Amino acid sequence: MKRSLKLPLPVLLLLVLQPLAAQDAAAAKSPWSLRSEVSFVRTSGNTRTETFAGKLDGSRQGPVHKLFIKAEYLYGRAAGREASNKLSLDGRWEAALNERFSGIVSLGYGRDKFSGFRCRLYVGPGLGYFLVKEARGSLQLSLALNCAYDRFSVGELRDLSTLTGKTLAKFDWQALDNLKLLQGLSHVVSFGEAGRYFVESETGIEARINKTFSVGVSYKLSYQNLPPAPEIRRPDTTVLTTLILDLK
């Protein structure tokens, strides 16, 4: 004799809706988070300078796929003349292959008037690996192969299309509950033009005021061994104190 098991309607609805609720909960754990940083300095008297810096970071992190976007702008004037004008836009998509490895596709646009670049474009795939992945911080290493295009505003060479290799290390560590250390270091080498490379480093520290606001201090260094014109300095450094706003 066959027996059938009859469940009450509320139980049946619970069994049907539970997977959907689990999906909604997973989606709720990976919303977009936005972070903005603003810095403005103005001096007058013996020296008249104005410097404005802004940065916007956005990310959406799911269990497998992660998307990161970043926009940075730096503008400065000294003695009534423009002294800095730099813009960069970067995007990166990551797909977790396992707990440590991830596939990466990145693209970006930039311009830096006083470093001789009217336009910089790049796009390409890469591979990332978490050397350290803990609750208080992480160290991620990545390798990428990019198609790059540079358009120069000075010098004899007006544009350059080449294949580049990029090595990147990103480190962050929550030293204290309200204090965070950050370090990024990248090296880009051009395969089309032998001997040409770029190095960028950013060291920062953030002190949290509350859940929304933080204060940050950063030191950035950019170095190109073959600038497009002799009058352009190879190292370029920036020190900023910023007010940070976190929106989640």
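None of the figures in this text is laboratory data; all of them are computed from the coordinates on show. Just so we're clear, the structure is a prediction, and the values are computed from it rather than from any experiment. Cβ: placed from backbone, ideal geometry, glycine included. Neighbour counts: every protein chain shown.
With only Lys, Arg, Asp and Glu charged, each at its Cβ (+1 for the first two, -1 for the last two), find how big the charge dipole of the stretch 162-202 is about the Cα centre; round to the nearest 20 debye.
Its charge dipole is roughly 120 debye.
Since only 164, 71, 110 are under comparison, the one whose Cα sits farthest along the positive direction of the charge dipole of the chain, derived from C-beta charges on Lys, Arg, Asp and Glu, is 71.
Against the chain, whose longest principal axis comes from its Cα atoms, helix 9-28 is set at around 10 degrees. Rounded to the nearest 20 debye, the dipole magnitude of the chain is 680 debye, with +1 charges on Lys and Arg beta carbons, -1 on Asp and Glu beta carbons, and the Cα centre as origin. Counting only C-alpha contacts under 8 Å and six or more residues apart, can you give the relative contact order of the stretch 62-204 as a whole percent? Reported relative contact order: 14 percent.
Amide H to amide H distances under 5 Å link residue 179 with 208, where only residues 5 or more positions off or on other chains count and H is placed in the peptide plane.
Pairs of Cα atoms nearer than 8 Å and 6+ residues apart set the relative contact order; for the chain it is 12 percent.
The Cα-based radius of gyration of the stretch 19-153, divided by its Kirkwood radius, gives an Rg/Rh of 1.10.
Size of the stretch 111-248 from its Cα atoms: along the principal axes, largest to smallest, the extents are 52, 31, 24 Å. Charge dipole of the stretch 170-248 (Cα centre as origin; +1 on each Lys and Arg Cβ, -1 on each Asp and Glu Cβ, all else neutral): 120 debye, rounded to the nearest 20.
Here's how it looks for residue 153: its modeled amide H is under 5 Å from those of 117, 118, which are all 5 or more places away or on a different chain.
The Cα atoms of the chain cover 95, 47, 27 Å along the three principal axes, with the biggest extent listed first.
Rounded to whole numbers, the Karplus 3J(HN,Hα) couplings from phi for the stretch 40-56 are 9, 10, 9, 10, 9, x, 5, 10, 10, 9, 9, 9, 10, 9, x, 9, 10 Hz, using 6.51 cos²θ - 1.76 cosθ + 1.60 with θ = phi - 60°, and x at Gly and Pro.
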